[in-house]
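The values are calculated or read from the model by the stated rules, or taken from the named source; none is laboratory data. If you're wondering where the values come from, they're calculated on a predicted model, not measured in any experiment. Methodologically, a virtual Cβ is constructed for each residue, glycine included, from the backbone with ideal geometry; neighbour enumeration extends over all protein chains shown. Ligands, DNA and RNA are excluded from the accessible area calculation, which covers all protein heavy atoms including side chains. Shrake-Rupley method; radii C 1.70, N 1.55, O 1.52, S 1.80 Å.
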Amino acid sequence: MSTDRLPADTPVSAARRRAVIDALRRGAVPESGLDLLATGLDGFAAALDDELESVAAGGSVFKAVRGEYGSGKTFFTRWLGERAKRRNFAVAEIQISETETPLHKLETVYRRLTERLCTASFPPSALRPVVDAWFYALEEDALSAGTAEDDLPAEVEKLLAARLGEVSRHAPAFATALRGYRNAVLSGDEPTAAALLAWLGGQPHVAAAARRGAGVRGDLDHFGAFGFLQGLLTVLRDCGHPGLLVVLDEVETLQRVRADARDKALNALRQLIDEVHSGRFPGLYLVITGTPAFYEGQQGVQRLAPLAQRLATDFTTDPRFDNPRAVQLRLPGFTLESLTGLGVRIRDLYAAGAQAPERVNALADDAYVGDLAQAVGGALGGRVGVAPRLFLKKFVGDVLDRIDQFEDFDPRRHYRLTVGSSELTDTERNFASSEQGSADDVDLEL
């Protein structure tokens with residue numbers, strides 16, 4: 001990763017800057033503004049942009065991202081999400097977990113997708129704005145074709161049937177529920193409209209009366225989720241969103257579930273990949289993230305030979321020559337140099353909106369940033385690669401904020417890095433205790 005500084009002429013609004021800095025202060029990956037922090041990702045950009053263009057033109061793509069803890073997988077996928085939104089894609093980021101979102105229950109994955117659905121204009125859940133925009137687009141198409149106002153409802157119904165013709169063969173209930181939703185909206189029946197929209201989003205236990213009135217029955221199941229995803233992609237495309245980026249994050253959690261659930265989940269993933277490659281989901285860009293152990297270990301992908309074959313990628317060469325067009329992408333992780341470079345970039349971003357920018361730049365100079373990065377890595381057993389979250393949290397909240405607010409604060413004289421176990425994630429705590437005995441014992445002079 002490079003140590004690029006933030007270009008001096010880069011226009012950054014106060015709101016974007018504040019959102020990024022606030023997230024780092026909390027130890028979180030920012031939801032937006034990641035282009036301000038992206039270092040070392042240039043090698044991926046061209047290939048990913050080409051794939052986004054292919055998806056926007058009606059193709060579909062599957063990508064697997066691999067990286068150790070702290071290598072920036074979540075950052076990478078959100079950075080990709082921002083690039084997708086600039087092309088007017090919709091985006092959904094889903095955390096895979098045994099209890100909340102088991103991968104082998106695709107109806108639950110679809111439900112989480114609609115709950116997390118967002119666009120450049122609407123935060124999660126953007127399902128209702130998307131559906132409303134679709135009906136508006138149908139009305140505009142009908143009017144532009146010369147339909148009179150009195151004939152508009154009937155013409156919209158014809159367009160709805162035509163646009164969802166392919167989907168109706170696989171999931172007729174999706175189109176039926178859309179019709180029911182529109183009728184409820186037109187009649188002012190908000191409770192029924194809300195219930196049917198929830199049902200379209202895969203929510204269980206929707207009021208039976210609402211479903212009965214619209215002519216739909218039961219709840220969404222594993223196989224019906226595929227048809228509903230097709231329907232959602234059609235709706236998105238027709239209302240101006242040419243693609244949908246879906247991120248299935250932390251898929252490596254499958255290694256810790258029961259053997260039978262793990263096998264079902266791996267097979268569901270294989271099935272998803274095959275459906276994407278078959279062209280069933282035009283406009284879908286599907287990404288999964290996981291650790292190398294998930295892709296290479298016997299409790300992960302290697303447990304299912306057909307899945308391992310689909311994800312096989314050669315990583316025996318120098319990482320500089322990794323192929324960004326391959327099905328798997330390898331994130332290189334942080335070194336002391338790249339972590340220092342990221343810190344310098346954050347310092348420059350912070351100073352641009354600080355009360356005392358000269359003091360921030362002088363006291364948190366490049367040498368100090370490097371010393372702090374090395375100290376935080378030392379607190380985590382010397383593993384700089386797992387240190388970015390903690391380093392940025394400490395740097396913003398404990399150092400930069402104090403320099404900016406207190407005239408006589410000098411981080412080299414007045415700040416001592418301390419790392420308590422309560423502020424670490426489980427993985428960070430494991431690294432800290434492996435070298436230091438206990439994270440509570442870490443107390444480093446800078």
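Values as computed for the structure displayed
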{"quantity": "Hits in the range 224-239 (condition: farther than 18 Å from R179 by Cβ and open to solvent by 40 Å² or more (accessible area, probe 1.4 Å))", "calculated": "R237"}
{"quantity": "Helices (runs of 4 or more DSSP H) within the range 101-172 that include 3 or more residues surrounded by fewer than 17 Cβ atoms within 10 Å (Cβ to Cβ)", "calculated": "127-144, 152-163, 165-170"}
{"quantity": "Any chance I346 is of a type outside the set (F, W, Y), more than 30 Å from F223 (Cα to Cα) and either open to solvent by 10 Å² or more (accessible area, probe 1.4 Å) or in contact (Cβ under 8 Å) with a residue 24 or more places away in the chain (or both)", "calculated": "yes"}
{"quantity": "From the options L254, L245, L220, L196, residue that is in contact with a Gly (Cβ under 7 Å, 6 or more places away or on another chain) and assigned to a strand (DSSP E or B)", "calculated": "L245"}
{"quantity": "Neighbours by Cβ (under 8 Å, 6+ apart or cross-chain): first from the range 140-162, closer than 24 Å to P172 by Cβ; second of a type in the set (V, I, T)", "calculated": "A142/V156; E155/T147"}
{"quantity": "Considering residues of the range 54-69 that are in contact (Cβ under 8 Å) with a residue 12 or more places away in the chain and assigned to a helix (DSSP H, G or I) only, the residue nearest to V251 (Cα to Cα)", "calculated": "V55"}
{"quantity": "Tally, over the range 187-223, of residues that are at pLDDT below 90, closer than 22 Å to L284 by Cα and surrounded by 16 or more Cβ atoms within 10 Å (Cβ to Cβ)", "calculated": "2"}
{"quantity": "Of all residues in the range 263-298 being under 26 Å from L52 (Cα atoms) and among the basic types (K, R), the one that is nearest to the chain's Cα centre (by Cα)", "calculated": "R270"}
{"quantity": "Condition met for G370 (of a type outside the set (A, V, I, L, M), in a helix (DSSP H, G or I), modelled with pLDDT under 90 and surrounded by 15 or more Cβ atoms within 10 Å (Cβ to Cβ))", "calculated": "no"}
{"quantity": "The range 70-100: number of residues that are part of a loop (DSSP other than H, G, I, E, B) and surrounded by 19 or more Cβ atoms within 10 Å (Cβ to Cβ)", "calculated": "5"}
